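Beneath this line is the structure, given in structure tokens, with notes to follow.
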Amino acid sequence: MLVEGSIRWQITEDCPRDLLLALALRELGGLSDVCEEQIPPAHPALEPIELGGMDTEALAAQWRGWWAGIVRRATRPFISQVRPPHFEVFDRALELQDLVYTCYGQAMEWVEDRHAEYLRAVAAREHPLADAYELVQRRQFELRRQSGSFRLDLEVLPVRGSGAWVVAPDTVIISETLRDDPAAFREWLKPIVIALV
């Protein structure tokens, strides 16, 4: 996770494996049209698997419940609780547990490939969050005062297209495409910094 800020403010950027896994399971379970529909499908795409009579309404509800607990950095477990062989974290979400049993290997291969791509993209940047820091510093200079207190968590996910989606008061999911375009990213972030500072 990348962190930039001061005692008063903090901007973080990450590509959490749990969110990648949730995105992969959403795609593999064919839930893109009913779960977090505003967030585009994963890229590269994952083809839905055959669910064989599984209760898809229950699966969608269980996925949403899990997502709500992991989407914000403040509520996401530091170490993923989705662990084989029994995936105990889903003991009360049996359809979701069955989905994970069925496609865990495929989902984790996709997750690890995407996470490695993210790390390569971060390594290619000279100063990973310098753009955010510079925008906040410039805004403070314009206002001739220190920033108020705020935190903004940017979760970078591999989805189709370029965009950003507010998923919690302090959490925004941004596409890899947007994050990898420095000019577009700064243009997107500037009004947010103006509002927050």
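With a Förster radius of 41 Å applied to the C-beta separation of residue 91 and residue 127, the computed FRET efficiency comes to 0.40. The gain in end-to-end length when the residue 138 to residue 117 segment is fully stretched comes to 4.5 nm, 0.36 nm per residue minus the alpha carbon separation. Loop-located trypsin sites (Lys or Arg not before Pro) in segment 1-110 (DSSP state other than H, G, I, E, B) with a sparse environment of at most 14 neighbouring Cβ atoms within 10 Å: 8, 92. Using 0.36 nm per residue and subtracting the Cα-Cα separation, the extra length available between residue 166 and residue 149 on full extension is 4.2 nm.
State which stretch of the chain is the longest one without any exposed GluC sites (Glu not before Pro), exposure meaning a DSSP loop state and at most 14 other Cβ atoms within 10 Å.
Values: sites that count: 37, 50, 126.
Between the exposed loop sites, the longest stretch runs 51-125.
Reported value for the chain: 115 Å³ per residue, from the convex hull of its C-alpha atoms.
Readers should treat all values here as calculations from the given coordinates under stated rules, not as data from a laboratory. What you see is a predicted model; the values in this text were computed from it and never measured. Here Cβ is always computed from backbone atoms with ideal geometry, including for glycine, and neighbour counts include all displayed protein chains.
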